[in-house]
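S.K.: Sharing a structure here in structure tokens format.
Since every read-out is calculated from the coordinates, none of them should be taken as a lab result. Computed from a predicted model, the values in this text were never measured in an experiment. Positions of Cβ are generated from backbone atoms using ideal geometry, with glycine treated the same way; all protein chains shown enter the neighbour counts.
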Amino acid sequence: MKKLLFTIVISFLIFNLSGQTSHTINSGDFYYAPQILTIDVGDDVSWINDGGFHNVNFDINSITGSSFSNPESFSSTPTNDVEMYTHIFTFPGIYEYDCSVGSHAANGMIGTITVNSIPATVVNLAVSDKSKFKIYNMLGYEVSAINCGPIIYKYEDGTVEKRIIIK
């Protein structure tokens, strides 16, 4: 049970540190705007339909008939709804896509999304000048020492500091 709770807490901390961002791409008569977008792993992209019948196709290139060879392949159902599709990108790499409806891709309805890896979070392990009063684990229990994981230092002056120890 403790390991499960620890895993949940660590996952929550990592998710919150990564700072997911939402991006919007507009689509309409033979365009995606922006046509080129750079995002980070974990970000989501929503395609908004400005008018017409469109989709987002990350699978088979509608012009050449060959695979885009993206890190992952997917395709939305063609629609004339305002909200076309939303996708959370979980793999880094370069993704090419098009609208597979009619000759939309051949008329310029193509796009590229570059997904960057999440940079490693720098954890400051510098020794503080403050005197440590108590050390707590993430469950709120006082501990004398910890080998790794999230901890909270409470100092004599009443301030607290959250740290993640990685060994």
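S.K.: What ranking of Tyr32, Tyr141, Tyr155, Tyr97 emerges when the number of other C-beta atoms within 10 Å of each C-beta is taken as an exposure proxy, fewest first?
M.R.: Tyr141, Tyr155, Tyr32, Tyr97
S.K.: For the range 20-116, what does the alpha-carbon gyration tensor say about shape, rounded, prolate or oblate, given a ≥ b ≥ c as the root eigenvalues, a/c under 1.5 as rounded, and a/b over b/c as prolate?
M.R.: Oblate, because a/c is 1.5 or more while a/b does not exceed b/c.
S.K.: Return the distance in nm (one decimal) between the two label points of a simple spin-label model at Ile164 and Gln20, each offset 7 Å from Cα along Cα→Cβ.
M.R.: 1.6
S.K.: Rank the residues Asp29, Asp59 as a footprinting-exposure proxy: fewest other Cβ atoms within 10 Å of their Cβ go first.
M.R.: By the 10 Å Cβ count, ascending: Asp29, Asp59.
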